[in-house]
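Encoded as structure tokens, the structure appears first; notes follow it.
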Amino acid sequence: MKIAILVREETALKCTGRGCLKAFQQRKDAFSRYKGEDELELLAFTHVGGDLDHKIKKMMKNGVETVHLSTCIRSKSPDYEELMN
Ligand code: SF4
């Protein structure tokens with residue numbers, strides 16, 4: 001299964017994504033649902049800025065089935081609900 005992680009644009013300017021990547025690698029938090037899944041591939045790790053529709057289309061074209069929104073988006077982005085949709 002191929003997944004992607006979207007993070008907050010402003011946060012991406014100073015965050016290396018360590019927390020997201022660690023959670024992914026250790027299958028913790030939102031990624032615990034993938035425990036035991038051997039074929040899991042993180043295909044994209046990017047921020048929501050720029051042409052987000054284009055990014056999403058590229059992800060889908062490349063087989064991404066699920067896009068995870070980072071904790072920093074959930075806690076700090078006023079458009080979190082819109083992004084979820
Ligand atoms: S949730 Fe946001 S702040 Fe935390 S590691 Fe991921 S991108 Fe960085």
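The values are calculated or read from the model by the stated rules, or taken from the named source; none is laboratory data. Quick caveat, the model's predicted, so the values are computed rather than measured. Because the Cβ atoms are built from the backbone with ideal geometry, glycine has one as well, and the counts that use them run over all protein chains shown. Each accessible area value is taken on the protein alone, full model and side chains, heavy atoms only, with ligands, DNA and RNA left out. Shrake-Rupley method; radii C 1.70, N 1.55, O 1.52, S 1.80 Å.
Lys57 exposes around 140 Å² of accessible area when a 1.4 Å probe is run over every protein chain in place. Taking all protein chains as they are arranged and a probe of 1.4 Å, the heavy atoms of Thr71 leave approximately 90 Å² accessible to solvent.
Once a ≥ b ≥ c are taken as the square roots of the eigenvalues of the Cα gyration tensor of the chain, is the result rounded (a/c under 1.5), prolate (a/b larger than b/c) or oblate (a/b not larger than b/c)? Judged from the Cα gyration tensor, the chain comes out oblate (a/c at least 1.5, b/c at or above a/b).
Within straight cross-link reach of Lys35, meaning Cα distance under 17 Å, which aspartates and glutamates are found once same-chain residues fewer than 8 apart are removed? Cross-link targets: Glu65. Seen from Val7, the other residues with C-beta closer than 13 Å to its C-beta sum to a net charge of +4, counting Lys and Arg as +1 and Asp and Glu as -1. Over region 2-84, what relative contact order in percent results from Cα pairs under 8 Å that are six or more residues apart? Rounded, it is 53 percent for region 2-84. Phi angles of region 69-85 translate, via the Karplus equation with coefficients 6.51, -1.76, 1.60 and θ = phi - 60°, into HN-Hα couplings of 9, 5, 4, 5, 5, 4, 8, 10, 9, x, 9, 4, 4, 4, 5, 4, 5 Hz per residue; Gly and Pro are given as x. Rolling a 1.4 angstrom probe over the chain with all protein chains present gives an accessible area of which 47% lies on carbon and sulfur atoms.
On full extension, the segment bounded by Glu9 and Arg33 gains 6.1 nm, given 0.36 nm per residue less the C-alpha separation. Surface analysis of the chain yields an accessible area of 70 Å² per residue, using protein heavy atoms and a 1.4 Å probe.
Pairs exceeding a 20 Å alpha-carbon distance, out of Lys28/Lys55; Lys2/Lys61; Lys2/Lys57; Lys14/Lys61; Lys2/Lys55; Lys2/Lys22: Lys28/Lys55; Lys14/Lys61.
Taking each DSSP H run with n ≥ 4 as -39500 (n - 2.57) and averaging over every residue of the chain yields -10000 deg cm²/dmol at 222 nm. Label positions at Leu21 and Asn62, each projected 7 Å from the Cα along the C-beta direction, are separated by 1.5 nm.
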